[in-house]
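Comments concern the structure below.
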Amino acid sequence: MWISSIVLVRRKNRQIRVCVDFRDLNNACLKDDFPLPIAELMIDATMGHEALSFMDGSFGYNEIRMAPRDEKLMVFRTPKGIYCYKVMPFGLKNTGATYQRAMQRIFDDILHKDVECYVDDLVVKSKKREDHLYDLGKVFERLRRYQVKMNPSKYAFGVTSEKLFGFIIYQRGIAIEQTKIDAILRMPEPRNIHELKSLQGKLSYLRRFISNLASRCQSFSRLINKDVPFEWDEACDKAFKSIKSYLMKPPVLVAPVYGCPFILYVAAHERSVGILLAQKNVEGNKNALYYLSRTMTPNDLKYSPTEKLCLALIFAI
């Protein structure tokens with residue numbers, strides 16, 4: 001019999017969540033490789049709709065019952081005695097994959113059409129506002145049928161914009177949530193590799209918004225290499241300030257309009273390639289859809305300028 005200890009975790013809303021330390025059990029369990037949705041693709045699938053509704057599961061994992069044979073593994077100790085979970089608890093290794101699989105089965109035929117789900121987060125979307133009540137009805141009917149409860153304190157119905165994964169989703173496109181920008185603007189210059197990796201992680205999350213990010217980071221990205229001493233010089237400082245200046249007025253990336261022509265811009269710099277996917281709207285104006293860039297490898301650096309442009313094109317495709 002496995003016996004685990006309880007752990008108290010304070011949530012963002014200041015409430016206390018009782019969890020169980022399942023680390024020993026998790027180490028003995030095989031990983032469920034059922035894939036979670038790619039956040040970036042979910043964002044792309046959500047923008048461009050006139051009406052959106054956002055919901056969050058109320059009890060989440062606890063709504064899925066454990067198989068009776070596995071209940072003996074869910075044992076935990078308390079001051080009052082030994083108990084076991086009969087429903088799927090938080091902290092178990094494969095809970096996210098199990099819940100995602102269940103939600104995808106529930107919404108199978110309307111998933112990616114009327115609804116998107118990331119574990120217990122639901123987004124109901126409608127191209128036309130007048131269809132939104134009907135689309136919501138379909139989703140609520142499924143939730144009622146399978147007895148899945150939503151959190152009454154965490155929802156937004158019939159909105160035109162909302163936060164999702166650190167971005168603001170609009171009908172016309174997406175923008176960076178201001179807190180993500182402020183986190184970078186407030187950062188001092190990195191003093192070691194750990195702080196530099198933290199900066200790079202934050203920038204990587206916003207990479208689709210930053211024109212030629214690989215080239216902008218070139219001065220300090222080399223400091224990650226083991227054989228390069230960590231020396232934050234004037235070039236690094238200038239590059240860091242340039243990125244901060246860019247993020248003070250970041251672009252809003254528009255949603256693609258199908259039927260209008262797409263435009264692909266490619267650029268080959270000395271040590272990086274940059275891509276911009278744009279589109280002409282019905283008024284004939286060009287709008288940015290996606291920025292992409294990468295640093296060249298040592299072999300890439302041997303290419304001629306024309307070959308580097310071809311490399312950029314292949315990378316874009």
Given the criterion within 20 Å of the chain's Cα centre (by Cα) and assigned to a loop (DSSP other than H, G, I, E, B), identify the matching residue among Lys125, Lys163, Lys113, Lys154.
Lys113
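Listed here are the residues, each with its yes/no results for (1) in contact with a helix residue (DSSP H, G or I) (Cβ under 7 Å, 6 or more places away or on another chain); (2) surrounded by fewer than 16 Cβ atoms within 10 Å (Cβ to Cβ); (3) charged (D, E, K, R).
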residue	(1), (2), (3)
Lys31	no, yes, yes
Pro35	no, yes, no
Glu40	no, yes, yes
Asp44	no, no, yes
Arg65	no, yes, yes
Elements of type strands (runs of 3 or more DSSP E) contained in the range 8-96, each with 2 or more residues being within 27 Å of Leu122 (Cα to Cα) and of a type in the set (Gly, Ala, Ser)
51-57
Please identify the pairs in which a residue from the range 64-91 that is closer than 25 Å to Val148 by Cα and in the same structural domain as Ala28 (by TED's automatic domain parsing) has its Cβ atom under 6 Å from the Cβ atom of a residue that is part of a loop (DSSP other than H, G, I, E, B) and of a type in the set (Ser, Thr, Tyr), counting only partners at least 6 apart or on another chain.
Met74/Tyr85
Listed by first then second residue, the pairs whose first member lies in the range 282-304 and is under 24 Å from Glu40 (Cβ atoms) and modelled with pLDDT of 90 or more, whose partner is part of a strand (DSSP E or B) and of a type in the set (Ser, Thr, Tyr), with beta carbons under 8 Å and at least 6 positions apart or on separate chains, are Ser293/Ser272; Arg294/Ser272; Thr295/Ser272; Met296/Ser272
When restricted to Pro229, Pro256, the only residue surrounded by fewer than 17 Cβ atoms within 10 Å (Cβ to Cβ) and either under 30 Å from Pro188 (Cβ atoms) or out of contact with any His (no Cβ under 6 Å at 6 or more places or on another chain) (or both) is Pro229
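The values are calculated or read from the model by the stated rules, or taken from the named source; none is laboratory data. Remember, predicted model here, so these are calculated numbers, not experimental data. All Cβ positions, glycine included, derive from the backbone under ideal geometry; neighbour counts span all protein chains shown.
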